[in-house]
1. From (1) open to solvent by 70 Å² or more (accessible area, probe 1.4 Å); (2) out of contact with any helix residue (DSSP H, G or I) (no Cβ under 8 Å at 6 or more places or on another chain), pick out the condition that doesn't hold for Pro285.
2. Open to solvent by 10 Å² or more (accessible area, probe 1.4 Å), outside any loop (DSSP other than H, G, I, E, B) and either near ligand 1 (Cβ under 9 Å from one of its atoms) or over 20 Å from Leu322 (Cα atoms) (or both): is that true of Lys222 in this structure?
3. Would you pick out the residues in region 248-291 that are within 19 Å of Thr237 (Cβ to Cβ) and over 25 Å from the mean Cα position of the chain (by Cα)?
4. Anything in region 289-315 that is open to solvent by 60 Å² or more (accessible area, probe 1.4 Å) and touching a residue at least 60 places away in the same chain (Cβ under 8 Å)? List them, or say none.
5. Which of the residues that make up region 81-135 are touching a His at 6+ places or on another chain (Cβ under 6 Å) and of a type in the set (D, E, K, R)?
6. Considering region 52-100 alone, what residues qualify as being charged (D, E, K, R) and open to solvent by 10 Å² or more (accessible area, probe 1.4 Å)?
7. Out of curiosity, is Ala215 outside any strand (DSSP E or B), closer than 27 Å to Cys49 by Cα, hydrophobic (A, V, I, L, M, F, W, C) and within 12 Å of ligand 1 (Cβ to nearest atom)?
8. Go through (1) free of Cβ contacts under 8 Å to residues at least 24 places away in the same chain; (2) within 16 Å of ligand 2 (Cβ to nearest atom) and name the single condition Ala163 misses.
Amino acid sequence: MTTDSVPAKFQGFASSNKNTWNKPKLVSYDRKQINPHDVVLENEVCGLCYSDIHTLQSNWGEYNRDDLVVGHEIVGKVIAVGDKVTELKVGQRVGIGAASSACRECNRCKSDNEQYCAKAASTYNAPDVRSNNYVTQGGYSSHSIADEQFVFPIPDDLPSAYAAPLMCAGITVFSPLLRNLGSDAKGKTVGIIGIGGLGHLALQLAKALGAKVVAFSRTSSKKDQALKLGADEFIATNEEKDWSSKYHDTFDFILNCASGVDGLNLQDYLSVLKVDKKFISVGLPPATQQFGVSPFTFLKHGASFGSSLLGSKVEVLEMLKLAAKHNVKPWIEEVPLSEENCSKALNRCHDGDVRYRFVFTEFDKAFAK
Ligand code: NDP
Ligand code: ZN
């Protein structure tokens, strides 16, 4: 393997602790070692996922380094590959999502559930046991390194800034939609809660699978846009107090994409499922917040409750095909990467002021060569 093209130090926009979560500074740091299955990218763009904010605010746990770079909707160009890489080549345009490596040996890794590997490493803030516990760094950075199982070829006609949000937001909603509805969802009614980065892609992808789609949002402010995104109906849950009795026994599947639990009454959502159906939450609140629900609510509807983490490489490739066929595209606001713009975008996303995904761009200007 030749690594001449890979600098020893990478550059990125880092925060040191939760008090400065929205003030990342440009830093340089030693890169991770390149393992035999690793692919090295020169990054071109990176989306801003609410998980970046949860992590920067320590909502889910502590920082594992004091120069933490987040970002896990990465698209860039391959500049080097490890000796055992077979699927990707130098020069190719590829993406990385929220996980960057796994053991490759366990039952989950061998059955297209590699994202659930007990030894998987997240793309940032995760000690990687295969790299001397190097704490991984995200994509608000000049370069990224990930195992090829977590690196996805981007179709030529999909611009990088539009591909980026599919790497986390897209696959996170597509995997549970596909696993619960199958590839032909005609005749099924699906509810999507929380119309943000994940939710606006869930509306489009559920529609592309053929389902009837109902958007749940706290207020009516996103109604027109949700209908444009593919929703057949829209419910403003804080404004239509009787929605749950009106929609009793309607849904084949409900996917929660909300980043918090404010106003989210699980009892209401379970009561609008048909019998034996599921409510899956991909949305994750701060670790201290919980859903409250009585066991009797499950009983009355034969309902199940679950969660879902990212998606497998096989599912990412299937999603990219479906997205191309049905013209599924994120609605994005492009932001040239800089300290000031990072800070502005983090604050605005935190305040719900984005329709529907920030994507950092112009990486060539952000980093000195
Ligand atoms: P966004 O901020 O883009 O969207 C979240 C939406 O949730 C908002 O648009 C809003 O929808 C609703 N919302 C916001 N704040 C609250 C609150 N306090 N209580 C209830 N609802 C709220 O976030 P993302 O789409 O980027 O991420 C959504 C969630 O998914 C996050 O928790 C993120 O960490 C998680 N996630 C999970 C993954 C997984 O593998 N399971 C992977 C990636 C992300 P509206 O205005 O319509 O009510
Ligand atoms: Zn994410």
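The values are calculated or read from the model by the stated rules, or taken from the named source; none is laboratory data. Since we're looking at a predicted model, the values are computed, not measured. We place every Cβ from the backbone using ideal geometry, glycine too, and count neighbours over all the protein chains shown. Just so you know, the surface numbers come from the protein's heavy atoms only, side chains and all, with ligands and any DNA or RNA stripped out. Shrake-Rupley method; radii C 1.70, N 1.55, O 1.52, S 1.80 Å.
1. For Pro285, the failing item is (1).
2. Here the answer is yes, as Lys222 does meet what is asked.
3. His248, Asp249, Thr250, Gln267, Asp268, Ser271, Val272, Leu273
4. Across region 289-315, the qualifying residues are Leu309, Val314.
5. Within region 81-135, Lys84 is the sole residue that qualifies.
6. We begin by selecting, within region 52-100, every residue charged (D, E, K, R); these are 52, 62, 65-67, 73, 77, 83-84, 87, 89, 93.
The answer is Glu62, Arg65, Asp66, Asp67, Lys77, Asp83, Lys84, Glu87, Lys89, Arg93.
7. Judged against the criteria, Ala215 is not a match.
8. Of everything listed in (1) free of Cβ contacts under 8 Å to residues at least 24 places away in the same chain; (2) within 16 Å of ligand 2 (Cβ to nearest atom), Ala163 misses just condition (1).
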